[in-house]
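The values are calculated or read from the model by the stated rules, or taken from the named source; none is laboratory data. All values derive from a computational prediction rather than experimental measurement. Cβ sites come from the backbone with ideal geometry, for glycine too, and all protein chains shown count toward neighbours. Accessible surface areas use protein heavy atoms only, side chains included; no ligands, DNA or RNA. Shrake-Rupley method; radii C 1.70, N 1.55, O 1.52, S 1.80 Å.
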Amino acid sequence: PTAAPVRGMCLGLVYGLGGQGMKVSKVSESFGELTKFANAVLAKTLPEKDFKWSSLQCNFNYAAKRHVDGNNLGPSYIASLGEHSGGGLWTEDRGVVNAKNTW
């Protein structure tokens, strides 16, 4: 059986397949005000006030299997929002961390 597609979107930069290289995501092009809003929220809420980001992946109702993000270049932040149970986040440097409603 095939898995259901992930419902989500990526704001910021993405890697265009077929040799296109880095480019602005279609979501960011279509919803520029949403990207500006995300920038403002991140600037006010991230623990590192000078943190620079290139992309923001937002998923909805997504229960990921244990995996390693292989395409990340540099540090990342993650937050789990909403009402749910189970799941967790394990990081190599800190072990299991609580990512629910916090960075």
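Here are the numbers:
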| read-out | value |
| --- | --- |
| Of residues in the stretch 29-50 being of a type outside the set (A, V, I, L, M, F, W, C) and either under 15 Å from A99 (Cβ atoms) or in contact (Cβ under 8 Å) with a residue 40 or more places away in the chain (or both), the one most open to solvent (accessible area, probe 1.4 Å) | P47 |
| Unique residue being open to solvent by less than 90 Å² (accessible area, probe 1.4 Å), touching a residue at least 24 places away in the same chain (Cβ under 8 Å) and among the hydrophobic types (A, V, I, L, M, F, W, C) when the list is W53, W103 | W53 |
| Check on G88, within 22 Å of A3 (Cβ to Cβ) and more than 14 Å from the chain's Cα centre (by Cα) | yes |
| Residue match in the stretch 65-76 (condition: surrounded by 10 or more Cβ atoms within 10 Å (Cβ to Cβ) and among the aliphatic types (A, V, I, L, M)) | no |
| Failed item, numbered, when V14 is tested on (1) aliphatic (A, V, I, L, M); (2) open to solvent by less than 90 Å² (accessible area, probe 1.4 Å); (3) without any contact (Cβ under 8 Å) to a residue 40 or more places away in the chain | (3) |
| Qualifying positions in the stretch 83-98 - at pLDDT below 75 and open to solvent by less than 100 Å² (accessible area, probe 1.4 Å) | H84, G86, G87, G88 |
